[in-house]
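Peer 1: Handing you this structure, nothing more for now.
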Amino acid sequence: MPSPTRPGPLGIDSNSCGIDFGTLMRVVTPCPTFIAETPPQTITPAAAGGVASYSVDAAVKHLDASAHTKSQGRCARYVREAIEAGGAKIPLPRPVYAKDYGPVLAKLGFTKVPAVAYSPQRGDIIVLQPPSGQVAGHIEMFNGSKWVSDFVQGTDVYPGPAYRKEQVSYEVYRP
């Protein structure tokens, strides 16, 4: 003789998943599903002297073609896509905010350049910390004449008045 079923809350048998026939209404107990977590991809540093197989020309061309005249609020996405168009792969999970791209660029082989007496070169990337009241920060690439992110900014490293007023800190990375 089979053992009696002891239904749990709402007639759901707490010992197994499936249909509980011990109640007036059939209740399906959901079976637990396990979603395998994909481990974060590791970043393999490039050889000293820059990013392996990276094309500044391809990155700048992609960014220039994608940029708008006004900010879209998507600088991290646009610059990341340009970096990847240049041949460097940003591993998953990607940084959510632009301000967090510095360590990723360094691990990819980009060289941190001192900001003192800085003179921009084509392909340079600047990661800016956010001004007061903001969280994301900003990231931009120099195309040889202007700073570009999701929009064409001009020759000033600061993308807007809040950044300029506070003179927020930033780091420069060179491929």
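Peer 1: Extension gain His68-Lys165, at 0.36 nm per residue separation less the Cα-Cα distance, in nm?
Peer 2: Extending this stretch completely gives an extra 32.6 nm.
Peer 1: Rounded to whole Å, give me the distance from the Cα center of segment 101-130 to that of segment 57-88.
Peer 2: 16 Å
Peer 1: Out of residues 5 or more away from His68 or on other chains, whose amide H comes under 5 Å of its own, with H placed 1.01 Å from N in the peptide plane?
Peer 2: Phe151, Val152
Peer 1: While we're here: Using the Karplus curve 6.51 cos²θ - 1.76 cosθ + 1.60 with θ = phi - 60°, work out ³J(HN,Hα) for each residue of segment 125-138 in order, rounded to whole Hz, and write x for Gly and Pro.
Peer 2: So the J values, rounded to whole Hz, are 10, 10, 10, 9, 6, x, x, 3, x, 10, 10, 7, x, 8.
Peer 1: Taking a spot 7 Å from the Cα of Ala58 along the direction of its beta carbon, which residues of segment 139-175 have an amide N less than 12 Å from it?
Peer 2: No residues fall inside that zone.
Peer 1: Evaluate the distance, in nm, between pseudo-label points positioned 7 Å from the Cα of Arg94 and of Val135 along their respective Cα→Cβ axes.
Peer 2: Label-label distance for Arg94 and Val135, simple model: 1.9 nm.
Where a number appears in this text, it was derived from the coordinates with a stated rule and is not lab data. For clarity, every value in this text was computed on a predicted model and none was experimentally measured. When we count neighbours, we look across all protein chains shown, and the Cβ atoms used for this are built from the backbone with ideal geometry, even at glycine.
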